[in-house]
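Q: Input: one structure, supplied below.
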Amino acid sequence: MKFEPTAIADVIMIQPRVFGDARGFFLETWEANKFAAAGIDARFVQDNHSRSEQYVLRGLHYQVEQPQGKLVRVAAGAVFDVAVDLRRGSPTFGRWIGALLSDENKRSLWIPPGFAHGFLVLSSSADFVYKCTAFYAPEHERSVRWDDPEINIEWPLPAGVTPKLSDKDLRAPSFRAADTYP
């Protein structure tokens, strides 16, 4: 596995070693010792899997009180994945990082606790899988507007296309009004 820092140092891109032949492929998506050696000493407590159709945008989600670290990847399809730093004391507070994750590139992204997370489905559908370091706690769930002008995420939406959002994401507060981490 290759661990590559992104423009936000704590967010790490993971490129697995893929062993393939005419029958298919094999790859390792998680191995505790290799991740710990790369500085990601996470204890995962929950795995999630979602399927979404093209131009569904999920996010930007996070939890206060029980912040979650997430190891995210795409099992089928392609998404534009985004992490936004919500740690007030961080030099990258309010900045975002975006990456293409797909079944073709097989990359994973480590998003540590203290970040909002979201993704936009670029393919006709996508299966998105992720491991979490804290259990889902709906009472602590928060969100930030996907199109907040202060964060200014450059979502790769074709001209004239509006993303498909949940009611919760439509009502998400602005970055300035959102709960953040100390």
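The values are calculated or read from the model by the stated rules, or taken from the named source; none is laboratory data. These figures come from a predicted structure and were not determined experimentally. Here Cβ is always computed from backbone atoms with ideal geometry, including for glycine, and neighbour counts include all displayed protein chains.
Q: Give the number of residues within region 120-156 that are closer than 20 Å to Arg87 by Cα and assigned to a strand (DSSP E or B).
A: Residues that pass the stated criteria total 4.
Q: Return the residue satisfying two criteria in turn: it lies in region 128-154 and is touching a strand residue (DSSP E or B) at 6+ places or on another chain (Cβ under 7 Å) and of a type in the set (Val, Ile, Thr), and of such residues it is farthest from Tyr181 (Cα to Cα).
A: Val129
Q: Which members of region 1-59 meet the condition of being loosely packed, with under 11 Cβ neighbours inside 10 Å, among the charged types (D, E, K, R) and either assigned to a loop (DSSP other than H, G, I, E, B) or modelled with pLDDT under 95 (or both)?
A: Hits for region 1-59 are Arg17, Asp21, Arg23, Asp41, Arg43.
Q: Considering only residues of region 105-119 that are of a type outside the set (D, E, K, R) and either surrounded by fewer than 17 Cβ atoms within 10 Å (Cβ to Cβ) or in a loop (DSSP other than H, G, I, E, B) (or both), which is nearest to the chain's Cα centre (by Cα)?
A: Pro112
Q: Among the listed residues Gly69, Gly114, which satisfies the condition of being small (Gly, Ala, Ser) and touching a Ser or Thr at 6+ places or on another chain (Cβ under 7 Å)? Walk me through it before giving the result.
A: Working: Gly114 fails: touching a Ser or Thr at 6+ places or on another chain (Cβ under 7 Å).
Just a single option satisfies the conditions, and that option is Gly69.
Q: Would you confirm whether any residue within region 60-78 is assigned to a loop (DSSP other than H, G, I, E, B) and without any contact (Cβ under 8 Å) to a residue 60 or more places away in the chain?
A: yes
Q: Next question, about the same structure. Could you figure out which of (1) touching a residue at least 60 places away in the same chain (Cβ under 8 Å); (2) of a type in the set (Val, Ile, Thr); (3) in a strand (DSSP E or B); (4) out of contact with any Ser or Thr (no Cβ under 6 Å at 6 or more places or on another chain) isn't true of Ile97?
A: It is condition (4) that Ile97 fails.
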